[in-house]
Amino acid sequence: MVDVSGKSVSRRTAEASAFVEMSAKVLDALPQNPKGDPLEVARVAGILAAKRTAELIPLCHAVPLSHIAVAMRVCENGVAITSKVTTTAVTGVEMEALVAASIAALTVYDMCKALDKGIAVREVALQRKSGGKSGDFARSPARKRG
C-alpha cells in the first residue's frame, strides 16, 4: 500500500459511470421483475459496495465516506448508471465510485439475466474527480455515453 501519511486532509469527490446494455424486451419487463425492482436493488448494492471497496481491492486504502449517491436512468438500449462519492480524507475516492457503478451494473445484470443472457455491462469509467494533490479530472464529453 502507498504511504499517504504525509498527505493533507481535503474534500475529495469522484464520479463514475457504467452502462448495462439490454434489449427493449428486458427494459419493458423491468417493472415486473419477480426479484423486485432491479434499479432500486442495484442502487443499494452500489452504495454498499462503495463502503466495502478496501475489502475488495487489495491495496486500496480504507476511506471514511461522507456521501454516496448511485442513480439509474433507463435509456432506449439499456440502463445508464452514475455514482458520486465524497470524503474528507488524505486520499481520493475514485475506486469507491468505480466499485459503486460496477456493482450496481452487475446487480442489474443479475436481476435480469433470466430474461436475456445477452445483457452486457459496458463502459465502466471514472467521469470526474476533484481534490487532492493531483487536482481535478474530467473525462472528455466525447468519451461519455448514456
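Coordinate-derived values only; no laboratory data. Predicted, not measured: the structure shown is a model, and the values here were computed from it. Here the Cβ positions follow ideal geometry from the backbone for every residue, glycine too, while neighbour counts run over all protein chains shown.
Values as computed for the structure displayed
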{"read-out": "For residue 77, residues with placed amide H under 5 Å, excluding near neighbours", "value": "none"}
{"read-out": "Gained length - residue 88 relative to residue 138, 0.36 nm times residue gap less alpha-carbon distance", "value": "16.0 nm"}
{"read-out": "Per-residue ³J(HN,Hα) for segment 62-68, Karplus 6.51 cos²θ - 1.76 cosθ + 1.60, θ = phi - 60°, Hz, x for Gly and Pro", "value": "6, 10, x, 9, 8, 7, 9"}
{"read-out": "Within a Gaussian network of the chain (alpha carbon springs, distance under 10 Å), most fluctuating of 108, 41, 99", "value": "41"}
{"read-out": "Neighbour-count order for 22, 111, 1, fewest beta carbons within 10 angstrom listed first", "value": "1, 111, 22"}
{"read-out": "In range of the label at residue 67: residues from segment 1-45 whose backbone nitrogen is under 20 Å from the point 7 Å along Cα→Cβ", "value": "9-18, 43-45"}
{"read-out": "Given charges at beta-carbon only (K, R positive; D, E negative), |dipole| of segment 10-131 in Debye", "value": "280 debye"}
{"read-out": "Cα gyration tensor category, rounded, prolate or oblate, for segment 14-91 with a/c compared to 1.5", "value": "prolate"}
{"read-out": "Pairwise FRET efficiency - residue 3 versus residue 75, Cβ, R0 = 41 Å, nearest 0.05", "value": "0.45"}
{"read-out": "All lysines inside 20 Å of residue 84 as judged from Cα atoms, apart from same-chain residues fewer than 8 positions distant", "value": "51, 129, 133, 144"}
{"read-out": "Size descriptor, Kirkwood hydrodynamic radius, that averages inverse alpha-carbon separations across the chain, Å", "value": "15.7 Å"}
{"read-out": "Cut-off under 5 Å, modelled amide H: who pairs with residue 66 long-range", "value": "86, 87, 88"}
{"read-out": "Segment 65-141 and segment 9-40: distance between their alpha carbon centers, rounded to Å", "value": "10 Å"}
{"read-out": "Sorted by Cβ density within 10 Å, fewest first, the residues 76, 55", "value": "76, 55"}
{"read-out": "Amide N of segment 100-129 lying under 19 Å from the label point, which is placed 7 angstrom from the Cα of residue 32 along Cα→Cβ", "value": "111-117"}
{"read-out": "Neighbour-count order for 73, 12, fewest beta carbons within 10 angstrom listed first", "value": "73, 12"}
{"read-out": "Backbone HN-Hα couplings from phi across segment 3-15 [Karplus 6.51/-1.76/1.60, Hz, Gly and Pro as x]", "value": "7, 10, 5, x, 7, 8, 5, 8, 6, 9, 10, 8, 10"}
